[in-house]
Structure formats: C-alpha cells, structure tokens
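Working notes, beginning with the structure itself.
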Amino acid sequence: MEEIILQKRFGDISEECAGLKKSKVCIIQAPYDETLTYIKGARKGPEAIIEASTNMELFDDELQAETYKIGIYTAPPLEFNAPTTPEKAIANVKDAVKEVFDAGKFPVLLGGEHSITVGAVKAAKEAFNEISVLHLDAHYDLRDEYNGSKYNHACVARRLVKICPIVEVGVRNLSKEEKDFLDTSPSDVKVISVYDILDSPDWKKEASGALKDNVYITIDLDVLDPAIMPSVGTPEPGGFGWYEFMDFLKIVTKDKKIIGFDVVELSPKEGFIAPDFLAAKIIYRLLGYIFNSKK
Ligand SMILES: [Mn+2]
C-alpha cells in the first residue's frame with residue numbers, strides 16, 4: 001500500500017494520527033452503486049460520510065476516549081469506471097481489503113451498495129479462516145438472483161452463506177423466495193428479525209452467542225429506522241433507534257473479536273446532512289467500542 005494523505009480524510013484527523021504506517025485502521029471508500037434498483041445514489045455515500053465526519057467531535061463522550069489516537073488512515077476512493085459489473089467491483093474490493101489485512105490493519109469499508117460486502121468477506125475468510133458475519137439489515141438479501149445477477153445487492157447474504165455462517169439481525173422485509181429458502185433450514189443462517197426482537201428480551205445475547213469468535217460486521221444503514229436514517233435506497237419502516245442499535249454493537253464487541261466492518265447503502269440527500277453525520281458517528285463509536293473496550 002502506498003501512503004497518500006488526503007485533504008478530505010475521516011474525522012479530519014491530524015496527519016500525525018492519519019498516516020498509514022502508524023494507523024491501526026484503514027478506511028476504504030467504495031463508491032459503487034450500479035445494481036441498485038429503487039433509488040440510486042450510494043456511490044456518493046463514502047464522500048458524504050467523510051465530509052460529515054470532519055465535523056465530528058473527536059473526543060468520544062460515551063467512552064471518554066480519544067479514539068482517533070489509534071490511527072485512522074483514509075485511503076483514496078477505489079475507482080469503478082462505469083460500466084463495472086458487480087463481479088468486477090467485488091474483486092476490486094476484495095483486493096483492497098486483502099491489502100489492509102496483509103498490512104495487519106483493520107478495514108472499515110464505506111459503500112456504496114451492499115454487493116461490495118462479498119469482496120470484503122472473501123478477503124476476511126482468507127485472512128482469518130474461521131469467521132462469521134453479523135449482517136445488520138432491513139432486508140434478508142437471500143435471493144439467489146435479482147435483475148439477472150447473482151451479485152445484485154439483493155443477493156448479498158445468499159452469496160455470503162457460501163463463504164461462512166451469517167447471523168441476520170433487524171430484518172423485516174421478506175420475499176416468498178427467501179422464505180422458501182429459509183424453510184429448507186440452511187444451517188449457516190441464523191435470523192433474528194424485528195419480530196423476534198419484539199418477542200425476546202434476551203435477543204442481544206442470543207445474536208452474539210450465535211457468532212463465531214472472529215466476526216465481520218456488515219451494516220446496511222436501512223436496518224435503522226427511516227425516521228433517523230431516511231437516506232437509503234430501500235427504506236423500510238420499523239427499524240432500530242440509535243441507543244438500541246449502539247447497545248447491541250457494544251455487546252457484540254465485548255463478546256467477540258471484530259476483524260473488520262462495513263457501512264453501506266448511504267444514499268445522501270443534498271442539503272440533508274443528519275443521516276450522513278449519523279453514519280460517520282456509528283463508524284467512530286464502533287471503532288471506539290472495538291479498540292477501547294478490551295484494553
Ligand atoms: Mn437493505
């Protein structure tokens with residue numbers, strides 16, 4: 001990896017803490033959205049998250065910590081010259097994430113549409129072997145094929161199951177095809193839907209307990225309620241609020257070794273920055289949970 005210090009970097013962190021060599025974390029920007037079916041715009045997600053993050057307070061009030069001191073390097077955005085097939089985009093992301101693992105660093109991938117997660121998880125599987133994925137999403141994403149592609153954003157979880165076990169949390173929009181697939185009891189898929197959450201006070205421990213020790217987290221922002229996260233391609237009512245969501249992430253980071261994560265599907269709305277800021281804040285606080293709690 002070649003160090004390029006960007007003018008616009010996550011958190012507007014000082015060059016001292018944003019250099020590649022000393023950084024524990026590497027931010028990878030993947031502005032890809034060619035398979036989106038409802039509202040496009042996720043290609044602008046990474047840029048909007050970085051922009052919003054420059055307005056963040058770097059002292060974390062909840063953790064009483066300056067998380068940025070772990071070093072957070074922001075790599076230049078990956079290039080996807082249209083037309084780029086999802087297969088090609090996934091391969092591109094896989095290479096980028098592999099480079100980060102090879103350098104012994106922690107990848108944070110910014111989407112872009114959800115299909116790119118497949119590339120990251122392939123790289124994670126090669127680097128750690130025994131892993132599972134915590135898939136946070138309003139949608140099950142278990143279709144075998146959508147719009148003629150097996151790598152459409154609506155198929156991401158189905159592709160992930162071929163790589164490692166997954167635990168889906170917060171899902172609430174199921175197609176008949178996906179229901180039929182789940183009825184075959186695939187052993188590598190554990191589902192905790194919003195209806196399970198409403199029924200079970202112990203769902204957080206149950207979800208965490210279903211994961212292997214090494215966990216890659218993929219956050220499709222539509223897992224959150226559209227009231228706080230309207231800037232997504234396929235909004236769905238009845239999602240998580242902020243505190244509930246962050247509390248769950250805190251529990252998982254205490255229980256498991258998180259090896260990397262992504263935040264995908266932010267489709268920023270011009271002049272409406274609260275959702276962009278929320279996405280930036282999830283990333284920074286999650287890094288805080290991961291890097292401050294176990295010391
Ligand atoms: Mn989704």
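Each reported figure results from applying straightforward, stated rules to the coordinates on display, with no laboratory input. Just so we're clear, the structure is a prediction, and the values are computed from it rather than from any experiment. A quick note on method: Cβ atoms are made from the backbone with ideal geometry, for glycine too, and the neighbour counts reach across all protein chains shown.
Among 117, 32, 72, which residue has its Cα furthest toward the positive end of the charge dipole of the chain, with +1 on Lys/Arg Cβ and -1 on Asp/Glu Cβ?
72
Please give every one of the aspartates and glutamates within straight-line cross-link reach of residue 176, meaning a C-alpha to C-alpha distance under 20 Å, and leave out same-chain neighbours fewer than 8 residues apart.
137, 141, 144, 145, 168, 188, 196, 236
Rank 249, 266, 134 by mean-square fluctuation in a GNM of the chain with C-alpha springs under 10 angstrom and give only the top-ranked residue.
In the Gaussian network model the winner is 249.
Looking at the square roots a ≥ b ≥ c of the eigenvalues of the Cα gyration tensor of the range 1-62, which shape do they give, rounded for a/c under 1.5, prolate if a/b is larger than b/c, or oblate?
In terms of gyration-tensor shape, oblate.
Quick one: among 87, 15, 62, which has the greatest mean-square fluctuation in a GNM of the chain with alpha-carbon springs under 10 angstrom?
62
Over the chain, what is the percentage of antiparallel beta bridges among all DSSP beta bridges, to the nearest 5?
10
How are the Cα pair distances of the range 79-175 distributed, in percent, across 5 Å bins from 0?
2, 14, 23, 25, 19, 11, 4, 1, 0
Please grab the % of Cα pairs in the chain that end up more than 36 Å from each other.
7
Apply the Karplus curve 6.51 cos²θ - 1.76 cosθ + 1.60, θ = phi - 60°, to the phi angles in the range 165-180 and return the couplings in whole Hz, x for Gly and Pro.
Working through the residues one at a time gives x, 10, 10, 9, 10, x, 6, 7, 8, 10, 8, 4, 4, 5, 4, 4 Hz.
Pick out which of 226, 83, 237 has the largest mean-square fluctuation in a Gaussian network model of the chain, springs linking Cα atoms closer than 10 Å.
Comparing 226, 83, 237 in a Gaussian network model of the chain, the most mobile one is 83.
So, counting K/R as plus one and D/E as minus one, what does the shell of residues with Cβ under 14 Å around residue 15 add up to?
Combined, the nearby Lys, Arg, Asp and Glu give +2.
So, in nm, how far is label residue 40 from label residue 103 when the simple model puts each one 7 Å beyond its Cα toward the Cβ?
Here the modelled spin labels are 3.1 nm apart.
Rounded to the nearest 0.05, what FRET efficiency is calculated for residue 272 and residue 61 with R0 set to 30 Å and r the Cβ-Cβ distance?
It comes to 0.80.
Let me spell out the model: positive unit charges on the Cβ of Lys and Arg, negative unit charges on the Cβ of Asp and Glu, origin at the Cα centre of the range 200-293. What dipole size does that give, in debye rounded to 20?
Its charge dipole is roughly 480 debye.
List the relative contact order of the chain as a percent without decimals, with contacts defined as Cα pairs under 8 Å and 6+ residues apart.
Across the chain, relative contact order equals 22 percent.
What residue among 63, 161, 147 has its Cα farthest toward the positive end of the dipole of the range 10-292, where the charges are +1 on Lys, Arg and -1 on Asp, Glu, each on the Cβ?
Among 63, 161, 147, the one farthest towards the positive end of the dipole of the range 10-292 is 161.
Per-residue ellipticity at 222 nm for the chain, helices alone: DSSP H runs ≥ 4 residues times -39500 (n - 2.57), over residue total, nearest 500 deg cm²/dmol?
It lands at -10000 deg cm²/dmol.
Convert each backbone phi in the range 142-148 into a coupling constant with the Karplus relation 6.51 cos²θ - 1.76 cosθ + 1.60 (shift: θ = phi - 60°), then list the ³J(HN,Hα) values in order as whole Hz, x for Gly and Pro.
Using θ = phi - 60°, the values come out as 9, 5, 6, 8, 8, 6, x Hz.
Return the long-range amide H neighbours of residue 262 (sequence gap of 5 or more, or a different chain), with a cut-off of under 5 Å between placed amide H atoms.
Hits under the 5 Å cutoff: 109, 217, 218, 219.
If you take the beta carbon distance between residue 21 and residue 255 as r and set R0 to 25 Å, what does 1/(1 + (r/R0)^6) give as a FRET efficiency, to the nearest 0.05?
Once the sixth-power term is evaluated, E becomes 0.20.
Under a point-charge model restricted to the Cβ atoms of Lys and Arg (+1) and Asp and Glu (-1), what is the dipole moment magnitude of the chain relative to its Cα centre, in debye to the nearest 20?
700
Checking understanding here: applying a Kyte-Doolittle mean of at least -1.0 and a length along the axis of at least 15 Å (C-alpha), which whole DSSP H helices in the chain pass?
Within the chain the helices that satisfy the rule are 86-102, 117-128, 242-255, 274-292.
Take the alpha carbon gyration tensor of the range 109-149, find the square roots of its eigenvalues, order them as a ≥ b ≥ c, and report rounded if a/c is under 1.5; if not, report prolate when a/b exceeds b/c, else oblate.
The shape class here is prolate.
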